[in-house]
Structures are given as C-alpha cells and as structure tokens.
Amino acid sequence: MCHCSSNIQLRSDCCVRLSPCRGGSEVHQEPGQRGGNRDGQREADLRGVQTKCRCYLVQRRRGADKELEAGDKYQMVSDGKRRTLVIKNSELKDEGGYVVMIGATRASADLTVLGKPQKLKIITPLKDTEVKEGQEVVLNCEVNTEGAKAKWLKNEETVFESSKYVMVQRDNVFSLRIKDAQKADEADFSINLINQRGEQAKSSCKLSVKGQWVTASPCFNLLSFSLKESLRIVVPLEDIDTQEKTTVSFSCKVNRPKATLKWMKGGQEITFNKRVVYRVDKDKHTLTIKDCTLADEGEYTAVAGENKSTAELIISEAPTDFSVQMKDQTITEFEDAEFTCKLTKEKADVKWYRNGREIREGPRYTFTKDGKMCTLRIKECRPDDECEYACGVDDKRSRARLFVEETPVEIVRPPQDAFEPPGSDVVKNTRTNLLSPLPAVPKIKTTDQNYVTDARKPIAMAVPYSAYPQAEADWLYNNLSLPKDNIYTSADRTEYRLKDPMKSDEGRYKIMIKNKHGQGEAFINLQVIDVPEAPLNVIVGNVTKFGCTVSWEPPVSDGGSPITSYTIELRDRTSVKWSPVQLTKADELSAIINDVIENKEYIFRVKAENKAGVGKPSAASQPPPSPPLNLVWEDQNKNSVQLTWETPLRNGGSMITGYIIERCEDGTNKWLRIQDLEFTVTDVVEGKEYLFRVTACNKCGPGEPAYIDEPVNVSSPASESQRTSGIFTMLCLWSSSKRDTHFQVRNFLTPLSFLFPAIPDPPENLRWRDKSASGIFLTWEPPKYDGGTGIRGYNVDRCQRGTDKWEPCGDMVPELKCQVTGLIEGQWYSYRVRALNRLGASQPCKATDEIQAVDPKEPPEIQLDAKLLAGLTAKAGSKIELPAEVTGKPEPRVKWTKADLVLKPDDRVSIDTKPGHSTVTIAKTKRDDSCTYIIEATNSSGRATATVDVNILGKTSSQRRKVFILTFLVPG
C-alpha cells in the first residue's frame, strides 16, 4: 500500500522507505507514525483537499501518464481528509512514480520494489576432512546472505575460541581453524547458523586425524607400517633434592619408543653439552646434570607434544670436603715432618688435631694455607710424636699417621768381672754413645683410660708401654678377641682403630700386652655419643584456621648425650620438601604452630638434637579427624533433645575413639569441657536457646567441631528466676562393651537427654573354607549388637606371618562372606573381620589361626555309574558311553586304556574329559570292542583306577541274512 506523499522503496514483503514529497500540496506524515504499518501500507494526510482525487502512474520511459482505476490490483480509500492508494501483490513491474491530483494540486511518490528476500541457505557445506597428526586444518562453510551468526560444535558440544581453535568470518564464509591436530581432535564438527529473521541452517562433517606413518624394520622381506598414537608422558618426572657437586637425573617414560622430547628450564629450552646430557632408552627419557651447581636449581619440564611434566630441582650448598687426603709419613728421629691436604673450597677454616685433640700453632707446629692447600709442619720429630694427625673442616676429617724411626742402638756386653752382676744387658746408642739397661717385662704407662667419641667418626684407642723385646698385644671386648686387622702395635704402643664406631661398640676394653719375659694388662672405657633416636607419638591437635598444636614424646634413647633441643618440620601434603618451622627447648614437648596457610593440609615431624648432631625424624604426624557430618537435633521437648550425626568424612588415618559434645547459650561464646558422662548444673534458666557442637576424636586428638545450624529452644516454664551460665561438655568414649546410647545431662531444671548410637560389637564365628594358593573363602555371623544403627558392611583384614601389619583384603564387603584373593603361594596368613556402621568400625573379631596359602591336596577318587559296576553289555552297531566322576586336588590327569593300550580318539571313539568327570563314547560298536576298559587318575597326592567290563554281542542269523541280501541286491 502506498502513500501519495512520499518516495517509497519496498520489497515484496512490504518493507518500505519513504522519500520527501514533491509538489505544492500540504502533504505530511501523521505524528508518531513510522515508515509502514504492520500490513505494509503507507498513509499520508492531505490538508485542504477537494472532493475529487485522481491518481496516476508515471511511466517515464514511455513518456505518458496512466490514470489508475480501482479494481483487483488497486484500491483507493477515502477516510475524511486521508486518501490512500493500496497496491496489492506488488511486483517489479509496479515500480515507478505515482502522482495524486486534487484539482490543480498534486503530490508524488516513487515506488521501488526490491524483490522477495532470500531464505538462509548454505552454499558451500562442511566437508569430511582427513589430516595427519600435527598439521593444521581449516573447516569452511559459506551461506547465501549476510548477517548470519555462527556457532561451532564438536560432538554436539560448543567449541569456544582459544589458542587451539580460531574462528574467522569473511563476508559470508565462516571458518574454524584447528592448530596442531591430534588424535583427540578426531570428532564430528558442525556449524549452526541463524539470521535476524530466526531462520536456521546447519552443516556437519567428520574430522579424521591419522598418526605419522613410519616404516617398520623389514621382517621376512615384508614391509609393514604402524600408526603412532598421540605422544604423551605416562610416567612423570619427580622432584629432586640434592647437594651441589653431585650428579642428578630426571627421568620420565612416554607411550612411544624412540621419540624426542623437548626439555625446558624456567621456560627456556635447555642446551645440551658435556655436563647436561639427554639420553633416550626406548620409551625412557633421561636428563642428566653432572656436577650440579646452585645455578642449576629450578623447575625442569619435559614436553611431549601437548603433554608436559614438570619437576623441581632443589640444590643445597655442599659442605667443604677434602679433594686430596693426607698421607702417612715415615721419617727418622730429629727430622721435620710435613702433612698436606687439599680442600674443595678456599674459604674454609681448618683445624689440626693430634690423636683427636686440637693442637695450637707454636715453635714445633707450623700451619700454612695456600688457597685450597693446607700444610702442617712438625719440627724435630721425636718418638713420642708418633701418632695420628688429622686436619678438620666442619665435620670432615682427613687423617694420617706419623712414623718416627729411632736411631740405631747396639746391645753390648762388656767382659764380666767380679763387680758386674750376671745378666746385666746394656744399650749403646750409636748416635749419643750412651749406655742404658733394657726392661724385660712390659710395663704399661696408663692402665685405665676413658675415651669419648662421636658415632661414625674414626677413633684410635692407644695404650703406651715399654718392653724389650717388642711385645704383642691382644684386645678383648666382652671377653672376645677383636680382629687383628684393626690392631696396630709398635715398639712403645698398641692401638685399636675403629673406622666407624657405633653405639654397639661402647663398653670396656681389655688389653693384654706380653712378650717372652711376661705380660701386662690395661683397660679402656669407650663411650660413643650418637645422635638421638626419633621422637615418638607426634600428635596434631587444636586445629584452627590460625594454626595448630604439635606435641610429642621424647625418644627412647638420647644417644648418650642429653637432648639440647627439638626441631619441628612441616611440609605441604602436595610437596616433597620438609621445612623447619620451629625450635623448642629440651624440656618442651609441644609447640603452637602459626606459620601456616588456611585451607592447606600439612604434615609434621620432629627431630631431636644433642651435641653429636640432629637425630632421625619421627614418623610423620597423622591429622585429626574432620568434623562429623549432618549434625542435627530432633525430638526436642522440655525433657530432652536428641542429637544425631554421621561419622566424619576423614578419620585422619586412625579409628575414631570418641566424640565430644558441647553446649553454649545462644549469644555467648563460652564452651566448657566436662569430662563426666552425667553432670548437673543448677544455675540455668529454662526457655533459653542453646547451641550445640560435636567434635570427633582419634588417637591424635580432637578435630574440628560440627555445629547445629540453629539454636535449640528448651521450652519449659522455669519455677524460679535463675542466672544463665550453664555450659557443659560430654566426652563419649566408645568401647565394645558399652551399649548405652542414651545419655542424660541434668543441667536444666529437668534432665536434658542425648540419644546417639555407638559403634557395633565385633562379628562372630569367623570361618574359612576352599583355600588355595591364591585365595580363601571366609564367612562370619553379624555382631550381636549393631550400635543402635544398621550395619553398613564389613572390613576384612589379613596379616602375613613374620609381620604385625594388618592389611585390608579389599573394599568394604556388604555381605557375611568374602572371597579373599591376591595371596602369595606358600605364605601363612591370619584373617579378621570388623563391622562398620555410620559411627565407624568395631573392634576386630578373634583372628583365625595362621593358614598357609597352598592348593589343597586330595588323592584322586573315581566314581563309576552304578550301571557300569557289573559291566556293560550291548549289541554290535549300537552306541555306548562310559561315564566316570573324577575328583582330587590338584585336578587329576585322566587316562583311559584298553588291553594295556592307551585309548585314543578316532572316528568312532571320543573322549570328553573336563574337571570333575570323564566320558568315553564308542559309536557303531563291534565285537572287537569287547574288553576291560581302565580309567586311571593321577595327581601329586596319589593315583586311582577303576575298570569297566564291556561285552559286545554279535548280530543274529536273521540279521546276517538280511544284510547279505541287501548287499547282494546293491550291485543289481
């Protein structure tokens, strides 16, 4: 429909655009009207119109105007001052200028017909595509109109733009670019399109990703190919904590042999050299770093395609050590001795020792240090300088012995005269020309000594003596002679050297020194100071968002020296590195730890320290249990409130031992623990609202409490006004003998009762049967008391002989039976069962005796069918069966014989042998089948046999004649 006042542009769907009017008439749009109404009509208002209106179609190309007449095509409507021309079913030929004439006044409008809009349609659909792994693939789809929006899907799930998937639109072409195609990208891709008019279109395709084709090694002159799957890491890297100057290796495994990985450190690719080596052994990839330095510390990443594995290398500074050790020196008396050693670091303070005691620089001892070289010079050595010398840096020692050879001596015997007693030998020193008598019997200078040393630090225990000739020494410990390899005896002393003294070497040593003239005795008391043993029973308690309390017990042994301090270490459960967090005094056996982060799980351990060093760490702590679940109250009245809850989600690694119940008046924060199961408080006012909380306990202590969401109103009128300060706690400890599930706390004017279940009793009558080398079948009866709630299931445990560790046999069992598998053949096991309800597990039932996991041994037994016992008689040509039941453990081997010949299957005879039975079937029997058949069953436990007498009867004469006649007639 067209106005007579505007230029109009419209489609066949009556979408128009109006241009300004031409002419002198006063023609305008009605206020508030837009370009067209919902019927596609266009209207104008004529002011000052006359009674007659004419409309013309201007055909400029023909040069003449055509007056329009109302009819099927055109409709002219007069409505007051409004004149309307309606053009029905507009077509391209209706395009042109239209003029309305009212007297001498005229107005015009141009009509443009744009044609009917096209429906959304896909011109170029998606096509099935096949690419090789690692390549880039582009999926294209083209539509016929603009303005459409696209949505990409993979296996009917929306695909979002990312570094992997790039979505592009150019004009009417929509593209999805997939980078580095992998096997995981193989799927059905589709595109959903929609335009402004709500029209939709869809196109789909299948993307196939093939692995790289490689040629396999030729075998039997055939060429084969294999398709590689996507490269990925199956065994990841592991964190390493080491010291500098050591060699470390990161290893991982991939799912493809002889692949090449990319190694990164801190986001940068690693350059390999003689110190950093990358090796591949089939599917194992190893990065080796030799002589680590502090600069090598950081995160290392192995990249396999799109798969990565990252591990951290932590390097601590290595202590100073000796690169060149001291060497033993042998010199002549009055000469100078020199000991030299070399350190691994220049900046290190060294000390020199003589027989374990530090020596100071002086006239006879000179110390020099030149870079890493350290030298000790001893001037004019004498025989008493002969001993062990050591250079020490930190806890490292380099040791060597000094041997001093005395100047030669001669034994001279001057002519005897009357003034010389017989047997008087004298010594002449050829260097000093002095004469002195020699002692004959060994004389020990120190008969009782005390030595103190640190564990694992070499020590030499020495006993000086004088004797001639040189004596022999025998060292004894606990009245047993010690090895001669560790005994060193010279002319004036004997030593026993311990390279690695332990606490077990501590005690009293006896030394026997003797020569041909006699013997002497000496004693040495050795005390070995070792580091303390590990502290015991580390418990974590009072866990809050701000920290926790760690407590422990002292170690069984302090190593022979009083403990000086304890070190508490922690680590994040997701980390492998322990970090010291606090140091306590020797008399403090607990500590409050605040250096933690909320909502993180930590594990603690404790080390004891004495003057010998830091001892071994304790066993890692077990966390307390998590809060009980689903704590609710119900059945509240003036006399009681019933609380119910479920066991915590995590028990902290040990059984739940009890629950703590606490109460607090609403609006206060006073929670007081009362250790009695029944407690009376008289100063409370009834009608108040109270809060309750329950805390689970295990051997490590209480965990976090669970709270009731809303306060409980105890609605009972008070007899008199009282102050409210009633706070109570009830500690409930479970045991198999306690069956009370109803507890009362009479702190209200009337008793307040708490009803809650307990753990069940142990199961009863545990029995076993059907044991084998790999399993056993267990049955039991339910407990007499289920704790007031239903039994959820049972846990079955086993304990191997020689250990005290009970291991679970699998998941919880809902029934009263369990088939235990996975046993080691030949091992002995005991079994036990525990019942579980929602509060936890019961005490275990009485364990079975130890049962060996072996297959039962039973000799074979053969049971024949009763009809076969008296023998079997049949006619020739019939079919017979000889069935037999065969039992035994292990499963017997079965053999059938006939007339001392092993019976074998053929076209007439079949033997069907299965576990438990064996059957011989003979078809079309003959007279020759008449015999005694023997079945033999053997296993490792014995042998059994049974016999069946078979008698095959011949055919009758009439039968024979009949057969003859038939046979005669066949040729004819």
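Does region 805-834 hold any residues that are basic (K, R) and surrounded by 16 or more Cβ atoms within 10 Å (Cβ to Cβ), and which are they? Once the filter is applied, which keeps residues that are basic (K, R) and surrounded by 16 or more Cβ atoms within 10 Å (Cβ to Cβ), region 805-834 yields R832, R834. Please specify each residue of region 337-365 satisfying the condition of being open to solvent by 40 Å² or more (accessible area, probe 1.4 Å) and more than 17 Å from Q325 (Cβ to Cβ). Within region 337-365, E346, K347, D349, R354, N355, G356, R357, E358, R360, E361, P363, R364 meet the criteria. Scanning region 598-614 for residues that are of a type in the set (D, E, K, R), in a strand (DSSP E or B) and more than 26 Å from D394 (Cα to Cα) gives a single hit, R605.
Let's see how each residue does on (1) at positive phi; (2) out of contact with any Asp or Glu (no Cβ under 6 Å at 6 or more places or on another chain):
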residue: V538; (1), (2): no, yes
residue: E553; (1), (2): no, yes
residue: G559; (1), (2): yes, no
residue: T564; (1), (2): no, no
residue: L570; (1), (2): no, yes
residue: A586; (1), (2): no, yes
residue: L589; (1), (2): no, yes
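Taking residues in region 780-794 that are under 20 Å from Q819 (Cα atoms) and open to solvent by 20 Å² or more (accessible area, probe 1.4 Å), and partners anywhere that are basic (K, R) and part of a loop (DSSP other than H, G, I, E, B), the pairs with Cβ atoms closer than 8 Å and at least 6 places apart or on different chains are R792/R838. Residues of region 835-884 that are without any contact (Cβ under 8 Å) to a residue 40 or more places away in the chain and either touching a helix residue (DSSP H, G or I) at 6+ places or on another chain (Cβ under 9 Å) or open to solvent by less than 40 Å² (accessible area, probe 1.4 Å) (or both): P883 alone. Looking across region 148-163, the residues that are in contact with a Lys or Arg (Cβ under 9 Å, 6 or more places away or on another chain) and either over 16 Å from S203 (Cα atoms) or in a loop (DSSP other than H, G, I, E, B) (or both) come down to V159, S163. Inside region 236-261, residues that are within 16 Å of T310 (Cα to Cα), in contact (Cβ under 8 Å) with a residue 40 or more places away in the chain and not small (G, A, S) make up a count of 11. When M512 is tested against (1) within 30 Å of E312 (Cβ to Cβ); (2) at pLDDT 90 or above; (3) buried (at least 16 other Cβ atoms within 10 Å of the Cβ), exactly one condition is not met: (1). Can you tell me how many residues within region 291-312 are closer than 20 Å to K245 by Cβ and either small (G, A, S) or surrounded by 15 or more Cβ atoms within 10 Å (Cβ to Cβ) (or both)? Going through region 291-312 one residue at a time, the tally reaches 7.
Tallying residues that are in contact with a strand residue (DSSP E or B) (Cβ under 6 Å, 6 or more places away or on another chain) and either open to solvent by less than 50 Å² (accessible area, probe 1.4 Å) or of a type in the set (K, R) (or both) within region 132-148 yields 8.
Within region 522-555, the set of residues being within 16 Å of A612 (Cα to Cα) and part of a strand (DSSP E or B) comprises L526, Q527, V528, I529. Of the strands (runs of 3 or more DSSP E) lying entirely inside region 259-328, those containing at least 3 residues that are within 23 Å of K345 (Cα to Cα) and in contact with a Lys or Arg (Cβ under 7 Å, 6 or more places away or on another chain) span 322-324. Scanning region 882-930 for residues that are of a type in the set (K, R), under 60 Å from the mean Cα position of the chain (by Cα) and part of a loop (DSSP other than H, G, I, E, B) turns up just one, K904.
Residue check: I194 meets all listed conditions (1) open to solvent by 60 Å² or more (accessible area, probe 1.4 Å); (2) over 39 Å from the mean Cα position of the chain (by Cα); (3) at pLDDT below 80 but one, namely (3).
Pairs meeting the criteria (first residue in region 469-482 and part of a loop (DSSP other than H, G, I, E, B), second residue open to solvent by 40 Å² or more (accessible area, probe 1.4 Å) and among the hydrophobic types (A, V, I, L, M, F, W, C), beta carbons under 7 Å, at least 6 apart or on different chains) are Q470/A491. Does Y707 satisfy being within 27 Å of I759 (Cβ to Cβ), modelled with pLDDT of 75 or more and surrounded by fewer than 21 Cβ atoms within 10 Å (Cβ to Cβ)? Taking the combined requirement at face value, the residue satisfies it. Taking each residue of region 885-911 that is touching a residue at least 40 places away in the same chain (Cβ under 8 Å) and looking for partners that are among the small types (G, A, S) and assigned to a strand (DSSP E or B) with beta-carbon atoms closer than 6 Å, six or more apart or interchain, yields V886/S918; V886/A937; P892/A937; V894/S918; V894/A937. At least 1 residues being at pLDDT 80 or above, charged (D, E, K, R) and surrounded by 11 or more Cβ atoms within 10 Å (Cβ to Cβ) is the threshold, and among the strands (runs of 3 or more DSSP E) wholly inside region 60-131 those reaching it are 82-87, 105-113.
Residues in region 746-777 that are modelled with pLDDT of 90 or more, in contact with a Ser or Thr (Cβ under 9 Å, 6 or more places away or on another chain) and open to solvent by 30 Å² or more (accessible area, probe 1.4 Å): P762, N765, L766, R767, W768.
Every residue, every condition in (1) touching a helix residue (DSSP H, G or I) at 6+ places or on another chain (Cβ under 6 Å); (2) over 30 Å from K611 (Cβ atoms); (3) open to solvent by less than 40 Å² (accessible area, probe 1.4 Å), yes or no:
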| position | (1), (2), (3) |
| --- | --- |
| N450 | no, no, no |
| T453 | no, no, yes |
| A460 | no, no, yes |
| A471 | no, yes, yes |
| S481 | no, yes, no |
| S490 | no, yes, yes |
| K499 | no, no, no |
| M502 | no, no, no |
| G507 | no, no, yes |
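Selection within region 578-597: residues that are open to solvent by 90 Å² or more (accessible area, probe 1.4 Å) and assigned to a loop (DSSP other than H, G, I, E, B). The member of this set that is farthest from F546 (Cα to Cα) is D587.
The values are calculated or read from the model by the stated rules, or taken from the named source; none is laboratory data. None of the values given here were measured: they were computed from a predicted structure. Glycine also receives a Cβ, built like all others from the backbone with ideal geometry; neighbour counts cover every protein chain displayed. The area values use the complete protein model at the heavy-atom level, side chains included, leaving out ligands, DNA and RNA. Shrake-Rupley method; radii C 1.70, N 1.55, O 1.52, S 1.80 Å.
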